[in-house]
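**Student:** Below is the structure I would like to discuss, written out as structure tokens.
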Amino acid sequence: MKHLAKKFLSDQERERLVRCVEEVEKTTSGEIVPVVISASYHYPTATHLAALTLGIPLALLFCWIIGATNMLAFAAVFLTIYGITLLAVNVKPGLKRPFIARQAMDEEVHEAALVNFYTLGLHRTRDLTGIIILVSVFERKVQILADKGINDKVPPLAWESVAEELTRGIRENRAGEALCAAVRRCGEIIAEHFPIKADDTNELPNLIIEGEPVDPDSRSSS
């Protein structure tokens, strides 16, 4: 599933998003980091359930076509088809999505957002004003988390409408545009409490795709 994040945004959309973060961070001391990951978890149980559900009827159909009537023949056919189906599910991960409970995906995406928040150092900004906008492509879900400095002044529920709008934009194939809108909205929410400071610096990358930072400053210095 690793390719999902790489294909989520075009090069032009990535560039526009980086510039959007730059512009928004000129109005606030907050640090907004969009993060795109392919999936929050690999869901192994769902993979096998999908392979079983697809493999059994295909094996029965194939046995009927070739006239095989004994269990040994069915077992051999099923194991072969199961292996092929398992490979197909791994190649096309969308086949296993119906076998994953919505609550399970919500929990995994939330956990992934927390892990990325701390792994990427969003909790180490000077004024505790980091915000992660995490998009988990496989689950088609969004999670927005803010650090303590922001949460002390902005209720966490403020991010729900932003996440909903972003999710809608992704479903409507407007991912790049929707992400920019989400960044701008986050900036508007926090700018009142955390205006830009004279000595403010860009402490974090402006976009991360599968853990690879995209930042104009880092590119120009390389």
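The values are calculated or read from the model by the stated rules, or taken from the named source; none is laboratory data. If you're wondering where the values come from, they're calculated on a predicted model, not measured in any experiment. Neighbour counts are summed over all protein chains in view; Cβ atoms, including those assigned to glycine, are modelled from backbone coordinates with ideal geometry.
**Student:** Has region 153-164 got at least one residue that is in contact (Cβ under 8 Å) with a residue 40 or more places away in the chain and more than 24 Å from K7 (Cβ to Cβ)?
**Tutor:** Yes, region 153-164 has at least one match.
**Student:** Could I ask something else about it? Hey, among A158, A191, A163, A181, which residue is surrounded by fewer than 22 Cβ atoms within 10 Å (Cβ to Cβ), among the aliphatic types (A, V, I, L, M) and in contact with a Ser or Thr (Cβ under 7 Å, 6 or more places away or on another chain)?
**Tutor:** A191
**Student:** Kindly evaluate I132 against the criterion of being in contact with a helix residue (DSSP H, G or I) (Cβ under 7 Å, 6 or more places away or on another chain), outside any helix (DSSP H, G or I) and on the phi < 0 side of the Ramachandran plot.
**Tutor:** On the way: in contact with a helix residue (DSSP H, G or I) (Cβ under 7 Å, 6 or more places away or on another chain): yes; outside any helix (DSSP H, G or I): yes; on the phi < 0 side of the Ramachandran plot: yes.
Here the answer is yes, as I132 does meet what is asked.
**Student:** Residue check, M71 against (1) under 26 Å from L128 (Cα atoms); (2) at pLDDT below 90, all met but one. Which one?
**Tutor:** Unmet for M71, out of (1) under 26 Å from L128 (Cα atoms); (2) at pLDDT below 90: (1).
**Student:** Is there a residue being within 14 Å of V36 (Cα to Cα) and touching a helix residue (DSSP H, G or I) at 6+ places or on another chain (Cβ under 7 Å) anywhere in region 181-191?
**Tutor:** yes
**Student:** Return the residues of region 7-54 that are over 22 Å from D106 (Cα atoms) and outside the structural domain of N151 (by TED's automatic domain parsing); say none if nothing qualifies.
**Tutor:** Of everything in region 7-54, those that are over 22 Å from D106 (Cα atoms) and outside the structural domain of N151 (by TED's automatic domain parsing) turn out to be A51, L52, T53, L54.
**Student:** Quick test of your reading of the structure: T28 fulfils all but one of (1) of a type in the set (V, I, T); (2) in contact with a Pro (Cβ under 8 Å, 6 or more places away or on another chain); (3) within 28 Å of V137 (Cα to Cα). Name the failing condition by number.
**Tutor:** The number of the failed condition is (3).
**Student:** Going through T85, T80, T119, T129 one at a time, which residue ends up being buried (at least 21 other Cβ atoms within 10 Å of the Cβ), without any contact (Cβ under 8 Å) to a residue 40 or more places away in the chain and not charged (D, E, K, R)?
**Tutor:** T85
**Student:** Got a number for residues in region 36-58 being surrounded by fewer than 18 Cβ atoms within 10 Å (Cβ to Cβ), touching a Leu at 6+ places or on another chain (Cβ under 8 Å) and in a loop (DSSP other than H, G, I, E, B)?
**Tutor:** Of the residues in that region, 0 qualify.
**Student:** Considering only region 183-202, I want to know if a residue exists there that is under 21 Å from Q12 (Cα atoms) and touching a strand residue (DSSP E or B) at 6+ places or on another chain (Cβ under 7 Å).
**Tutor:** yes
**Student:** With respect to V109, determine if the residue is touching a Ser or Thr at 6+ places or on another chain (Cβ under 7 Å), in contact (Cβ under 8 Å) with a residue 60 or more places away in the chain and part of a helix (DSSP H, G or I). Explain how you work it out, then say what you get.
**Tutor:** Numbers: touching a Ser or Thr at 6+ places or on another chain (Cβ under 7 Å): yes; in contact (Cβ under 8 Å) with a residue 60 or more places away in the chain: yes; part of a helix (DSSP H, G or I): yes.
When the stated conditions are applied, V109 passes them.
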